[in-house]
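Colleague: Below is one structure. I have some questions about it.
The values are calculated or read from the model by the stated rules, or taken from the named source; none is laboratory data. Computed from a predicted structure; not experimentally measured. Cβ coordinates were reconstructed from backbone atoms using ideal geometry, including for glycine residues, and neighbour counts include every protein chain displayed.
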Amino acid sequence: MAQLDTRQKLAILADAAKYDASCASSGTSKRNSAGGKGVGSTEGMGICHAYAPDGRCISLLKILLTNSCIFDCHYCINRKSSNVRRARFTVSEVVDLTLNFYRRNYIEGLFLSSGIIGSSNYTMEQLVEIARQLREVHDFRGYIHLKTIPDADPELVRLAGLHADRVSINVELPTSRGLKRLAPEKDEGRIEGAMSHMNTAIIDGRDARKKYKSAPKFAPAGQSTQMIVGADAAKDGDIILKASSLYNRFSMRRVYYSAFSPIPDASAVLPLKSPPLMREHRLYQSDWLMRFYGFQPREVIAASEDGMLPLDIDPKLAWALKFRESFPVDVNRAPRDMLLRVPGLGTKAVGAILKSRRYRNLRLDDLGRLTQSIRKIRPFISCVGWQPTRLTDREDLKSLIVPKKEQLELFART
Ligand code: SF4
């Protein structure tokens, strides 16, 4: 490997890390350096979240320890056979960069991943050492997200949880068939085994904290994972089922979906084009439906056509258009779970409706004040003075709700 200075390494290793979408820092516990103790805070102001041109979040110092790897996953730009420029940080370089960027208020924390160098254990040791030095030597109180390596010794993975706010292990692909084909050195059983260990350690850590205040925090922001979308033949239905199973079995805080980006010198087994970014967005919406709107995975899948979610409308509207017999929903009487099924009603609006209807029967005007899109909800609700007679039976209901796309004028004045 050629001798590179820190700036050159940063250019290579920050660029190599941009393919990982799971960088949100939500859900961790509060920690700060108020009173002059330590460095950093997980809730600081003035730290911007930045987005790369392709829409990915780059708000943290998001880097790889190295982009060298002994594995050869087809979809990965850092795979062994890839012809990219390689670089590797030392432990102290990552520690110094994090502290310096933090002090300048460039970042709110560190997101650290790595290719596998030498062995899984050796790589994991290096990642853990960076987090340990930040916490124990420099009293760093900012956010740390560590990617962990499924094959590493469970004790090392446990140490990662002691220093990091969030840990993640990427499931990579939604089906074991896809994983075998595109990442032959990885194994679904080992990945899920590591997730299971982590889940147990997180639960144990939480229990210990309940009993003893002095017990150390263990991965307070939980674990997350990421699935690549569009690199294999898996349909949205497969992805939804996999995500739901990961949430249920391993108490995942988040499953991230990352649309596959074609990489230079790509392997012939990969598609030539990336999937539409809207597909990634629809999967996030379906994820939201399962986590906050009480939809079962099978119900979300029922809104799809041949296993694929529609791209032109959101999955909740697609479900409502397909199952029109569930509507109209009486906003003055329906339970919360039915109100949540109405397209255009979010959790906040449903909360406001439930609160208001305790005092009076709601009319369409009232709903106009409580919600953002009365046009969208009107066909699916009834209230005092409003009954959508035969509206839900209309063939063209979808076109009435979905705003027409405007043709942009080529020579419009701005
Ligand atoms: S193990 Fe990770 S870094 Fe290495 S090739 Fe596979 S996905 Fe890329």
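Colleague: Kindly check whether there is at least one residue in the range 150-160 that is within 15 Å of the ligand (Cβ to nearest atom) and modelled with pLDDT of 95 or more.
Modeller: No: zero hits.
Colleague: Name the pairs whose Cβ atoms lie under 7 Å apart, with the first residue in the range 202-222 and touching a residue at least 60 places away in the same chain (Cβ under 8 Å) and at negative phi, the second surrounded by 15 or more Cβ atoms within 10 Å (Cβ to Cβ) and of a type in the set (S, T, N, Q), and 6 or more positions between them or separate chains?
Modeller: Listed pairs, sorted by first residue: Pro220/Thr28; Ala221/Thr28.
Colleague: Further, regarding this structure: Using beta carbons and a limit of 6 Å, which pairs, at least six apart or on different chains, have the first residue in the range 142-171 and within 14 Å of Glu129 (Cα to Cα) and in contact (Cβ under 8 Å) with a residue 12 or more places away in the chain and the second one part of a loop (DSSP other than H, G, I, E, B) and within 15 Å of the ligand (Cβ to nearest atom)?
Modeller: Hits for this filter: Thr148/Ile169; Val157/Thr148; Ala160/Thr148.
Colleague: Quick one: Ser251 ticks every box in (1) at negative phi; (2) touching a Gly at 6+ places or on another chain (Cβ under 9 Å) bar one, so which box is it?
Modeller: Ser251 satisfies every listed condition except (1).
Colleague: Something else now. Count, please, the residues in the range 59-77 that happen to be within 11 Å of the ligand (Cβ to nearest atom) and either assigned to a loop (DSSP other than H, G, I, E, B) or not assigned by TED's automatic domain parsing to the domain that holds Phe89 (or both).
Modeller: Residues flagged as within 11 Å of the ligand (Cβ to nearest atom) and either assigned to a loop (DSSP other than H, G, I, E, B) or not assigned by TED's automatic domain parsing to the domain that holds Phe89 (or both) within the range 59-77 amount to 12.
Colleague: Can you name every residue in the range 297-311 that is touching a residue at least 12 places away in the same chain (Cβ under 8 Å) and on the phi < 0 side of the Ramachandran plot?
Modeller: The answer is Pro297, Glu299, Val300, Ile301, Ala302, Ala303, Ser304, Met308, Leu309, Pro310, Leu311.
Colleague: Starting from the range 354-379, keep only residues that are under 11 Å from Gly344 (Cα atoms), then list their pairs with residues that are at pLDDT 95 or above and β-branched (Val, Ile, Thr) whose Cβ atoms are within a distance under 9 Å, requiring at least 6 positions of separation or different chains.
Modeller: Matching pairs, first to second residue: Thr371/Ile353; Lys376/Val342; Ile377/Val331; Ile377/Val342.
Colleague: Moving on to the next point. Taking the options Ser245, Ser286, name whichever one is at pLDDT 95 or above, crowded, with 19+ Cβ neighbours inside 10 Å and either polar (S, T, N, Q) or under 17 Å from the mean Cα position of the chain (by Cα) (or both).
Modeller: Of the residues listed, the single one that is at pLDDT 95 or above, crowded, with 19+ Cβ neighbours inside 10 Å and either polar (S, T, N, Q) or under 17 Å from the mean Cα position of the chain (by Cα) (or both) is Ser286.
Colleague: Still on this structure, please answer the following. Determine whether the range 236-256 contains at least one residue that is in a helix (DSSP H, G or I) and free of Cβ contacts under 8 Å to residues at least 40 places away in the same chain.
Modeller: yes
Colleague: Find the residue count for the range 294-308, including only residues that are in a loop (DSSP other than H, G, I, E, B) and surrounded by fewer than 21 Cβ atoms within 10 Å (Cβ to Cβ).
Modeller: 5
Colleague: Here is a follow-up. Could you go through the range 253-262 and let me know if any residue there is in contact with a helix residue (DSSP H, G or I) (Cβ under 7 Å, 6 or more places away or on another chain), among the aliphatic types (A, V, I, L, M), farther than 22 Å from Gly294 by Cα and not assigned by TED's automatic domain parsing to the domain that holds Gly142.
Modeller: Within the range 253-262 (the criterion being in contact with a helix residue (DSSP H, G or I) (Cβ under 7 Å, 6 or more places away or on another chain), among the aliphatic types (A, V, I, L, M), farther than 22 Å from Gly294 by Cα and not assigned by TED's automatic domain parsing to the domain that holds Gly142), the answer is yes, since at least one residue qualifies.
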